[in-house]
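The values are calculated or read from the model by the stated rules, or taken from the named source; none is laboratory data. All figures in this text were calculated on a predicted structure; none of them were measured in a lab. For neighbour counting, all protein chains shown are included, and Cβ atoms are generated from backbone atoms with ideal geometry for every residue, glycine included.
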Amino acid sequence: MWLLSVKQTARIISTYTGDTSGVCSALYELGGMTVMHDASGCNSTYNTHDEPRWYDMDSLVFLSGLTEIEALMGDDGKLIGDVVRAAKELSPGFIALAGTPIPMLTGVDFQAVAMEIERETGIPVFGFSTDGMHSYISGASMAFAEVARRLCAERSRSEETEQEQLSGKPDGNAPVVNILGVTPLDFTVNGTDAAMRRALEKRGCRIGAVWAMGSSYEEVVRSGGADVNLVVSACGLEAAKVLQTRFGTPYVVGTPCGEKFTEKLAEALKRAAATGNCEMVCRPCAEKNICEEPGTGERSGQTVIIGESVTALSLANALKEETGRGALVLCAVDTAPELLSEGCIQAWDEDDLIPYLEGAARIIADPLYQPICPDDAQFIPLPHEAFSGRIYRAQIPELVTGLKQFVQEHRLG
Amino acid sequence: MSKLVKKQNMPAGGLKRLGHEAPEVVSVTIGKADFRAPFVSGLEYSAPARGTWNIVHVGMLIPGAHEIFVCAQGCLRGVVLTAAEMGAADRFSTIAIRQNNVLEGDLEGQIIEGVEDIIQKLPEKPPAVLVYTSCIHHFMGCDLELVYRTLREKFPDIDFTDCYMNPIMRKSGLNPDQTMRRQLYSLLKPREKNLRSVSLVGNDFAFDHTSELYALPVSAGYKVREITTCKTYEDYQAMAESSICITTFPAAAAAGQMLEEKLGQKHLYLPFSFDYKEITENLRRLCEVLGIEPMDPAEISRRIDACEQALNEAHELIGQTPVIIDYTAFPRPLSLARLLLAHGFHVTAVYADSFTGDEKEDFEVLSRENPDLLLYPTVHTCMRVAPRENEEKILAVGQKAAYFAGTDYFVNIVEGGGMYGFDGILKLTEMMCRAFREPKDARALIQIKGMGCGCCL
């Protein structure tokens, strides 16, 4: 594996959404109240660049307004008091606290603070030790996993009975699927979440809940009743593992993308529901292994996709299904170790990425990556909300049903 | 603390509800408000009105300068996209602080090596580099003197200055906005004084050339310099030759003081105001410092008459339509409320979380003469779920007021918009009339960051 850059510099490219925003994004539609423990800036960054739902949906996301004196004196009482007061006024279904760099430095014990607030309000409270130094994947993963641990209800007798009854009906073989890891940071607000639902329903699955866009709190809470979970981004993997431990639900990893790959996903979901075995459908599919030769200047003819591991690997697989050519994935955000391979390489900074880009024939990436891409490579813009925010939002394609058009438009066939 | 007045619940308008109880909206009448703290501080909401400038926008005012932010990923996100949205990504770079840097404690080395790396990769060496450090450096005791000394030794042909993204210090001495406006002028190098040159300092928008603040010095033969109109780094450096620097915003006063101490420029603070007497007094002080004859009293009367006529005409048009004002439009929203109320306008509310010392007199007068004027917070948590639609037509002055009232009839202006003096009153009344007649797309306009900085959205 290539050594990662130590300077951690970006001359010109953007930065991915941080973990604190990831928590907020994951929990946005579930009726809770999320508090970023920060001085200022996190909230406007989140709701300007990371949260396309902010103007129209009244989710309770706030900032604690931490001051120098409170941080130096370790005054958690102000945070606790302010959260309790707001909770009494606004009656959220749950409360989440998300950390930022300074609370990390001063060692705020978010679990203890959460317990104290929970004791005073009687509302479930989660404490997330995010530190602003990781990507949204990390924060959203923590949040979804905690929902799986704390909010998902045990399967009731009536649900089990319903499940048994369904097995005698014509569509009784249709597995109930939860879709895990859906936030606008990876799927924007162009209808991709709904398209994923429809694509799976069309292929004989029933959707339980989508974590967490377009599903109610109640639907999410009942997720333990599903037959199988589909992890569509790395944000949902940890929650899938928790649900597997708690309810024995197997999971499948891959994002619906194009007709053929989505078909494979649906088949895998049915297999997993029947066997209880998990399956990684988005496999590495680089055309050749170039791990040993980045930066040599040798043109590999490779297609490179920069992005989040599961969605990018799924696109690479879907392209292979459609065009016969796969792609190397450069993952510039946190991901689970099992998602990394010779076909999905972690590369954080400009210095890490550039050697791989130098040999590429085609690069599929957010437009804000273009300045570091070689001029002689074909650059195919695929805006990613978690990288460029709202700048190219209107141009983000819905690839569940629109892959063919994407392939034609960019002459990938 | 003033007793809070609660407004009746109303439907949420355009908001999609997520099951929260709609709370009663918190406001307070000015007659019962505490000037120092009109609202209880607590968790904070951030409304999606983004026209005010941030430290990225301000720093970009130095022509040719390159900005380098050194902070955690979560903090970099907002500033890097600010630069990208304003089309200035090529003048902006970042160094990400990760846990290993905190654990190893070599923040100084990281900055030095990172800045060096970035400068070497730039297509051209910039004349100046603004290095923005963060709360982490402050808390870790980073030796910034060592950092800047080393950078200046390594790159003697580049001017470096220390800028800060440390909002945790916003209640400890100068806040980040004041500090940024000061540091913006810190790169000016002493020059021979030009006794006929004056600088207008600390404003984000160029002052209107018709405003008395600009026109008076020009008519007296002065060269008026503003950073907002500098085209080259040399234009910027030429601001150092001014013998007088003038500030009008409270947040800019520290910049004026620094220029007085460092460059020997006479600093004159002429606070932005909508009060005829205060404007007149400001202009008298301006003429005195410029060494010119004070404005002819007849001319002042003529200008006041023009303002009166414009205000009366605007009132005829706007009538008893509710007018609301927020603190992002002008640094002194209460001064504006006072002027409009005195001319018969139906000013119903001012949106501001706190007031500067310059507002004290306006606050006291309004408390006595218009005690029912409502003050609304903008960051209070209840404002998140406050109703945003009204059946009646409302005229807003400022983006936040427009947002909270859900009105498309609004004066789209931030931070004074370059207005000043009697001329500013004339401009504003004209803008109010236009805003009253012609609705705008508030949703699209107010979400653009840094009004006037350019936007690729």
Criterion (in contact (Cβ under 8 Å) with a residue 60 or more places away in the chain and touching a Lys or Arg at 6+ places or on another chain (Cβ under 6 Å)) met by exactly one of B:Gly416, B:Gly406, B:Gly421 = B:Gly406
Does B:Ala65 count as surrounded by fewer than 22 Cβ atoms within 10 Å (Cβ to Cβ) and either within 29 Å of B:Ile448 (Cβ to Cβ) or not hydrophobic (A, V, I, L, M, F, W, C) (or both)?
-> yes
Only one residue in A:Gly359, A:Gly413 is touching a helix residue (DSSP H, G or I) at 6+ places or on another chain (Cβ under 9 Å) and among the small types (Gly, Ala, Ser), so which one is that?
-> A:Gly413
If we keep just the residues of segment A:62-83 that are more than 8 Å from chain B (Cβ to nearest Cβ) and among the aliphatic types (A, V, I, L, M), which is surrounded by the most Cβ atoms within 10 Å (Cβ to Cβ)?
-> A:Leu79
For segment A:87-107, which residues satisfy the criterion of being hydrophobic (A, V, I, L, M, F, W, C), facing chain B (nearest Cβ under 9 Å) and surrounded by fewer than 24 Cβ atoms within 10 Å (Cβ to Cβ)?
-> A:Leu90, A:Met104, A:Leu105
From the option list B:Ser134, B:Ser93, single residue qualifying as in contact (Cβ under 8 Å) with a residue 40 or more places away in the chain, within 9 Å of another protein chain (Cβ to nearest Cβ), within 18 Å of A:Thr45 (Cα to Cα) and surrounded by 19 or more Cβ atoms within 10 Å (Cβ to Cβ) is B:Ser134
Could you please give the count of residues in segment B:50-65 that are in a loop (DSSP other than H, G, I, E, B) and of a type in the set (A, V, I, L, M)?
-> 4
Restricting to segment A:20-35, what's the tally of residues that are within 7 Å of chain B (Cβ to nearest Cβ) and of a type outside the set (S, T, N, Q)?
-> 3
If a residue has to be buried (at least 18 other Cβ atoms within 10 Å of the Cβ) and more than 18 Å from the chain's Cα centre (by Cα) to count, how many in segment B:407-457 make the cut?
-> 15
Go through segment A:173-186 residue by residue and tally those that are hydrophobic (A, V, I, L, M, F, W, C) and either surrounded by fewer than 24 Cβ atoms within 10 Å (Cβ to Cβ) or over 11 Å from A:Ala212 (Cα atoms) (or both).
-> 4
Residue list for segment B:140-164, filter: among the aromatic types (Phe, Trp, Tyr) and away from chain A (no Cβ under 14 Å) | B:Tyr148, B:Phe155, B:Phe160
In segment B:398-414, residues that are among the aromatic types (Phe, Trp, Tyr) and more than 10 Å from B:Lys440 (Cβ to Cβ) total 2
For segment B:165-189 the number of residues that are crowded, with 21+ Cβ neighbours inside 10 Å and either facing chain A (nearest Cβ under 10 Å) or without any contact (Cβ under 8 Å) to a residue 40 or more places away in the chain (or both) is 5
Return the total of residues in segment A:351-367 being closer than 24 Å to A:Arg393 by Cβ and either assigned to a loop (DSSP other than H, G, I, E, B) or out of contact with any His (no Cβ under 9 Å at 6 or more places or on another chain) (or both).
-> 4
Could you say whether any residue in segment A:372-387 is assigned to a helix (DSSP H, G or I), among the charged types (D, E, K, R) and surrounded by fewer than 23 Cβ atoms within 10 Å (Cβ to Cβ)?
-> no
Which numbered condition B:Leu43 fails, given (1) in contact with a strand residue (DSSP E or B) (Cβ under 8 Å, 6 or more places away or on another chain); (2) at pLDDT 95 or above; (3) more than 9 Å from chain A (Cβ to nearest Cβ) = (3)
Of the conditions (1) part of a loop (DSSP other than H, G, I, E, B); (2) crowded, with 24+ Cβ neighbours inside 10 Å; (3) more than 25 Å from the chain's Cα centre (by Cα), the single one that A:Lys7 does not satisfy is (2)
Looking at segment A:41-54, is at least one residue within 17 Å of A:Phe94 (Cβ to Cβ), more than 8 Å from chain B (Cβ to nearest Cβ) and either of a type outside the set (D, E, K, R) or buried (at least 24 other Cβ atoms within 10 Å of the Cβ) (or both)?
-> no
What residue, among those in segment A:388-413 that are without any contact (Cβ under 8 Å) to a residue 40 or more places away in the chain and over 18 Å from A:Thr323 (Cβ atoms), is surrounded by the fewest Cβ atoms within 10 Å (Cβ to Cβ)?
-> A:Ala394
Long-range neighbours under 6 Å by Cβ, at least six apart or interchain, first residue assigned to a loop (DSSP other than H, G, I, E, B) within segment B:435-455, second of a type in the set (Gly, Ala, Ser) and surrounded by 20 or more Cβ atoms within 10 Å (Cβ to Cβ) = B:Met451/B:Gly51
